[in-house]
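Taking it in order: structure first as structure tokens, then the write-up.
Throughout, read-outs are computed from the coordinates displayed, never taken from laboratory work. Bear in mind that the values here come from a model prediction, so they are computed numbers and not experimental data. A quick note on method: Cβ atoms are made from the backbone with ideal geometry, for glycine too, and the neighbour counts reach across all protein chains shown.
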């Protein structure tokens with residue numbers, strides 16, 4: 001059980017941002033005709049989840065095998081340009097800080113090369129039952145950095 | 001802004017529908033300028049939750065104390081007229097069938113007396129851990145009917 | 001402007017269901033540990049949107065060029081088995097009825113070959129400004145059937 | 001079930017925070033058993049909407065009559081403690097900065113007096129058609145400050 005949540009070890013350069021495509025559907029828009037601002041947090045999280053998955057970390061498996069769960073503790077998001085129905089967004093993930101119990105991800109949502117939204121998301125590791133902070137399991141930390 | 005606030009009638013006569021007010025916010029709308037159709041299922045559920053609460057049933061407490069959880073097993077919904085930002089909806093709840101392990105709720109969403117959406121929702125009782133069907137705890141069944 | 005919303009004409013057999021993959025993220029789940037039932041309507045819609053796109057129909061372009069918009073008028077959904085975080089769903093789309101102003105789509109969500117949820121969704125064509133029923137633009141109808 | 005219903009104080013003293021009650025429903029939670037972090041942005045917006053409404057500003061009416069629309073341009077949110085199903089939250093709204101085309105709202109979500117989440121939301125005024133920045137209509141600015 002030394003690498004419980006790891007399936008396929010990652011080989012990509014951690015210095016380069018990870019990219020995840022997100023299509024805008026009706027569910028994402030609001031009556032202003034654009035993507036509802038809170039939904040970028042969903043897009044960012046989908047991208048972070050796929051970034052972790054690409055590094056061999058499945059969050060369901062992580063929880064089941066180690067009792068650890070990631071939670072968002074701080075978000076800072078700037079909205080520059082709107083996205084619309086049917087737009088195909090490019091959502092990036094870049095690890096910019098990492099500690100033993102938390103890390104910070106820098107993220108952008110772009111459309112056709114133009115920056116729409118960017119944010120910094122701090123994520124902490126907690127025990128799934130008590131919701132108290134705990135160390136990130138070593139193999140997961142290694143996979144991320 | 002002129003729509004009157006709706007008060008929930010204090011009666012618990014099971015033959016009369018229960019009423020729950022729902023305000024339409026940006027989060028509920030889509031780029032068509034109207035409430036996104038899937039969100040009526042949220043409005044209906046909020047109303048069912050308050051109907052249960054008025055009868056003394058808290059779902060979190062139900063789960064913690066008996067291990068029972070309600071799940072939706074079938075929905076039938078017709079969308080007649082759209083709702084828009086700032087509309088104040090009147091969402092009704094009426095028990096139309098009840099068995100030992102499931103029940104059916106008839107629901108409507110109205111705005112200024114006009115029917116917008118109506119549905120029939122079948123709800124089953126399951127064990128929160130195994131997700132297998134189980135009987136509705138007796139006091140809950142008594143409170144509902 | 002004879003085929004305003006059409007880009008790439010479709011060549012696939014309309015008798016076979018279209019398949020669209022949907023990954024389950026945190027945003028899709030609820031405190032029951034499973035996908036929140038209303039979210040299957042989102043999954044179904046994403047799949048319908050991609051089915052239309054594969055047939056050359058972009059809804060944003062359709063609205064901009066013809067003023068036509070699709071709206072859901074009736075849904076019937078049965079929930080058989082739950083989906084969980086990280087599950088990869090296979091969502092199907094099959095046209096089962098088509099008229100001049102509305103059509104019916106049969107849809108399923110499966111996970112590893114097991115049926116989780118299935119539904120019938122009736123969709124009407126309306127004028128995007130008045131929200132009144134109108135005929136489906138001919139090239140769109142042709143692309144669908 | 002024992003949490004008292006919160007009444008909104010009738011005062012319009014801009015120095016005091018406005019209070020808006022938000023009940024946590026299934027739709028708001030995720031598989032971690034707590035409120036999904038992006039949903040606090042919805043709770044904050046519902047409270048801002050009611051704060052504006054209390055001051056006589058309906059956003060739908062604002063858009064229809066002046067062409068002006070509010071958009072969120074920056075958010076900073078810290079998540080301290082989780083909320084759970086059935087919790088009754090007290091969401092506050094306090095104007096902390098106001099300019100001619102944008103303003104900043106400080107917001108908190110509390111449960112039984114404990115701070116769960118707090119944030120600063122910058123909101124800009126735009127033309128609903130072009131989405132370009134514009135001045136906040138004078139009567140709206142006066143109503144807010």
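Spin-label pair residue A:96-residue B:129: with each label point 7 Å from Cα along the Cα-Cβ axis, the two points sit 4.4 nm from one another. With label points set 7 Å from Cα along Cα→Cβ, the inter-copy distances at residue A:133 are 3.7, 4.8, 6.0 nm, sorted shortest first.
Translational diffusion coefficient of the range A:43-99 at 25 °C, 0.890 mPa s, Stokes-Einstein with Kirkwood Rh over Cα pairs, in µm²/s as a whole number.
178 µm²/s
Over chain D, dividing the summed -39,500 (n - 2.57) contributions of all DSSP H runs of at least 4 residues by the number of residues returns a 222 nm mean residue ellipticity of -6500 deg cm²/dmol. Size of the protein assembly as shown: Rg and Dmax of its alpha carbons, in Å, are 23.5, 66. With a 10 Å cut-off around each Cβ of D:128-141, the average count of Cβ atoms from other chains is 1.
At q = 0.10, 0.13 Å⁻¹, work out log10 I(q)/I(0) for the range B:18-144 with the Debye formula, treating every Cα as an identical point scatterer and leaving solvent out; two decimals please. Here log10 of I(q) over I(0) equals -0.34, -0.55. Working from label points 7 Å from Cα in the Cα-to-Cβ sense, the residue D:58 to residue B:64 distance is 4.0 nm.
For the range A:88-145, the normalised intensity computed at q = 0.15, 0.18, 0.27, 0.30 Å⁻¹ comes to -0.55, -0.69, -1.02, -1.14 (log10 of I(q)/I(0), Debye sum over alpha carbons, equal scatterers, no solvent). Counting only other chain Cβ atoms within 10 Å of each residue's Cβ, the peptide B:63-76 averages 4. Distances from residue C:88 to itself in the other copies, using label points 7 Å out along the Cα-Cβ axis, amount to 2.0, 4.6, 5.0 nm in increasing order.
Per residue of C:80-89, other chain Cβ atoms within 10 Å of the residue Cβ number 3 on average. The value of relative contact order for chain B, using C-alpha pairs under 8 Å at least six residues apart, is 27 percent.
For residue A:19, the point set 7 Å out from Cα toward Cβ sits 2.7, 5.1, 5.6 nm from its twins in the other copies, listed from shortest up. Over the range D:61-112, Cα pairs under 8 Å with separation of 6+ residues give a relative contact order of 27 percent. The C-alpha atoms of chain C define a longest principal axis, and helix C:39-54 lies at about 40 degrees to it.
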